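**Student:** Take a look at the following structure, please.
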Amino acid sequence: MSNQHELGKMIFSVLKDILPNRTISQIRNIIEICRIKSIYAAVREQGLLPLQDQLCEIVPDISKRYNSHDLDTNYLITKVRAQHTFQICLVNKVIPLIEEDKDLTIVDIGDSAGTRIQYISALHKDVKSLSVNLDPEAVKKIRDKGLKVIHARAEDVQSYSSTDVDIFMSFEMRASNESCSISKKSCR
């Protein structure tokens, strides 16, 4: 963790000892409101509010997105919505760069719920998609949405699918030196 985060925890610990619980609760609420407004301002400054609104229409509820925890506060939902918006904005910029005469195929590696694939499928009707995850719960969650999913390691994608992949997305896994080896094509 960062020194700033540790300092914040220390200050909060001291405040808990000297302030009543009600005041601590009010401080937490103020901090959450500031965080939410800050994220909202970043999305607005990047001109991404219309895209974020579209994504909210496509997948209205993201609270059960992760297997490890629910998004159970306004801050967490706002934060993940903004992350999705920034991620899909990047995907939207990359798709036109692929000069192919065939249907485009995108693979989301480390996909935990199929949410980004749902966004892409709704925004780009002609794009084929596939999710890849090692977690059986995530695979079930994605399959239950009617999306194509492979239960595999990222490096083994090509042995499970004959599909020629044009774009690999990986917003939820650590990068490795083998990143380019999962594609039959050269990485761009």
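What follows draws every value from the coordinates through simple rules; no lab data is involved. Remember, predicted model here, so these are calculated numbers, not experimental data. Here Cβ is always computed from backbone atoms with ideal geometry, including for glycine, and neighbour counts include all displayed protein chains.
**Student:** Hey, fewest Cβ within 10 Å first, where do Ser131, Ser63, Ser159 land in order? Spell out each step's value before the answer.
**Tutor:** Details: Ser131 28, Ser63 13, Ser159 10.
If I rank by nearby Cβ atoms, fewest first, I get Ser159, Ser63, Ser131.
**Student:** Sticking with this structure for a sec: Do any trypsin sites (Lys or Arg not before Pro) in the stretch 93-131 lie in a loop, going by DSSP, with at most 14 other beta-carbon atoms within 10 Å of their beta carbon, and if so which?
**Tutor:** Details: sites: Lys93, Lys102, Arg116, Lys125, Lys128; in loops: Lys102, Lys125.
Answer in residue order: Lys102, Lys125.
**Student:** What 222 nm value per residue comes from the helices of the chain, counting each DSSP H run with n ≥ 4 as -39,500 (n - 2.57) and dividing by all residues, nearest 500 deg cm²/dmol? Intermediate values should be presented prior to the final figure.
**Tutor:** Values: 7 runs with 94 residues, N = 188.
After summing the helix terms and dividing by the residues of the chain, the value is -16000 deg cm²/dmol.
**Student:** Also, I was wondering about something else. Here is the link list: Lys102/Lys141; Lys79/Lys128; Lys9/Lys93; Lys9/Lys148; Lys79/Lys140; Lys79/Lys145. Which ones come out longer than 31 Å on Cα distance?
**Tutor:** Numbers: Lys102/Lys141 29 Å; Lys79/Lys128 27 Å; Lys9/Lys93 39 Å; Lys9/Lys148 42 Å; Lys79/Lys140 25 Å; Lys79/Lys145 23 Å.
Among Lys102/Lys141; Lys79/Lys128; Lys9/Lys93; Lys9/Lys148; Lys79/Lys140; Lys79/Lys145, the Cα-Cα distance tops 31 Å for Lys9/Lys93; Lys9/Lys148.
**Student:** Hey, another quick one. In whole percent, what relative contact order does the chain give with Cα contacts below 8 Å and a gap of six or more residues? Show your work: numbers first, answer last.
**Tutor:** Working: 204 pairs, mean separation 31.7, N = 188.
Computed over the chain, the figure is 17 percent.
**Student:** Starting from the coordinates of the alpha-carbon atoms of the chain, obtain the Kirkwood hydrodynamic radius over all distinct pairs and give the value in Å to one decimal. All intermediate terms of the calculation are to be shown ahead of the outcome.
**Tutor:** On the way: mean 1/r = 0.0533 Å⁻¹.
Computed over Cα pairs of the chain, the Kirkwood hydrodynamic radius comes out at 18.7 Å.
**Student:** So which residue, out of Asp17, Asp164, Asp61, gets the largest mean-square fluctuation from a GNM of the chain using Cα contacts under 10 Å as springs?
**Tutor:** Of Asp17, Asp164, Asp61, the Gaussian network model singles out Asp17 as fluctuating most.
**Student:** How do the peptides 36-43, 151-158 rank, highest first, by the average count of neighbouring beta carbon atoms within 10 Å per residue?
**Tutor:** On the way: 36-43: 14.5, 151-158: 16.5.
With the highest mean Cβ count within 10 Å placed first, the list reads 151-158, 36-43.
**Student:** Run through the stretch 20-123 and list the GluC sites (Glu not before Pro) located in a DSSP loop whose Cβ has at most 15 other Cβ atoms within 10 Å. Could the numbers behind the result be given before it?
**Tutor:** Numbers: sites: Glu32, Glu45, Glu57, Glu99, Glu100; in loops: Glu99, Glu100.
Those that pass, being in a loop and sparsely packed, are Glu99, Glu100.
**Student:** Expressed in nm to one decimal, what extension gain is obtained for the pair Lys102 and Thr73 from 0.36 nm per residue of sequence separation less their Cα-Cα distance?
**Tutor:** Numbers: separation 29, 0.36 × 29 = 10.44 nm, distance 4.25 nm.
Difference between extended and current length: 6.2 nm.
**Student:** Turning to a different aspect of this structure: As I understand it, the value is the acute angle between the Cα axis of helix 21-45 and the longest principal axis of the Cα atoms of the chain; what does it come to in degrees, rounded to 10?
**Tutor:** The answer is roughly 40 degrees.
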